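Take a look at the structure below.
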């Protein structure tokens, strides 16, 4: 791995899953059985993916979460450590399986995902309070919704009291996200999550702007709505604008949003320029979408910079 100077200090609080990945020509219809082309076990989870993405983008990263006491647990922790993620704050959970995600990927690179939360669902506010020092010593905290909502709210409270920037990826199931969870420095939903949070369809530029403004009015200081191959829409103190994404051949979009969030967090922490951080994140997402799997698809700092600079 690249031996880059690691300047940004990022903490990720979230899920750690083993992804069970089926690759198929197409998704089966309800009640239909089809023959899959391949099956793989790949370390994943939105939290772990974002931790790997931030580490690959050049940050010093600490992961706070839970694994079970099954055979996946040691593989999941070892996989994070292989990417130089600090796992001191990853807690074991007796008599509980690790989180599992069943992912089906079609030949167009699109995916469907069903998650069993396992140990992720046992991460408690008390766990968070006991590890508060790692949050308070960070420049930014990355959060998602694959852990209990009370724990998400506890992280936000601790980080904000310490003046630490909070970035929320409101997935999965953004409908269960309470209003107080939106009071963050940056929220970065995809188009479907933005629609669920605001009730606004985001098909047109005007609708994307309206959704971003609605999220800002709900409490998010900054808003980035990711729009796949169209790029990302940024809303900040300068208003709203589209940030185009590099063209790519989509193979598997599973971790593209996580790669985007992790890389954006690193660049924003390093340089304080959110618009450029979104461009950097777009490049990271494009690289991830052009490769199979979750964590193995995430590009290095050098790869991200190479693609990003070509598109400047």
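Every number in this text was worked out from the coordinates using simple rules, so none of it is lab data. What you are looking at is a predicted structure, and each value in this text was computed from that prediction instead of being measured. Cβ: placed from backbone, ideal geometry, glycine included. Neighbour counts: every protein chain shown.
Here are some notes:
- Region 111-254: relative contact order as a whole-number percent, Cα under 8 Å and 6+ apart: 16 percent
- Peptides ranked, highest mean first, by Cβ atoms within 10 Å: ranges 119-131, 168-180: 119-131, 168-180
- Using a simple spin-label model with pseudo-atoms 7 Å out from Cα toward Cβ, residue 34 and residue 129 lie 4.9 nm apart.
- As a proxy for reagent exposure, ranking 113, 16, 34 by other Cβ atoms within 10 Å from fewest up yields 34, 113, 16.
- Of the residues 203, 258, 106, the one that moves most in a GNM of the chain with alpha-carbon contacts below 10 Å is 203.
- Take each peptide in 35-45, 147-157, count the other Cβ atoms within 10 Å of every residue, and average; sorted highest first, the result is 147-157, 35-45.
- Computed E for residue 136/residue 25 - FRET, C-beta separation, R0 51 angstrom, nearest 0.05: 0.55
- Alpha carbon Rg of region 9-310, scaled by the compact-globule rule 2.2 N^0.38 Å: 0.92
- Highest-fluctuation residue, 230, 165, 66 considered, GNM on the chain with Cα pairs under 10 Å: 230
- Exposure proxy ranking, count of Cβ atoms within 10 Å, fewest first, for 117, 196: 196, 117
- Rel. contact order, % - alpha carbon contacts under 8 angstrom, at least six apart, region 9-310: 18 percent
- Of all DSSP bridge pairs formed entirely within the chain, close to 40 percent run antiparallel.
- Most fluctuating residue given options 139, 302, 183, as computed from a GNM of the chain linking Cα atoms under 10 Å: 302
- Neighbour-count ranking [beta-carbon atoms within 10 angstrom, fewest first] of 24, 306: 306, 24
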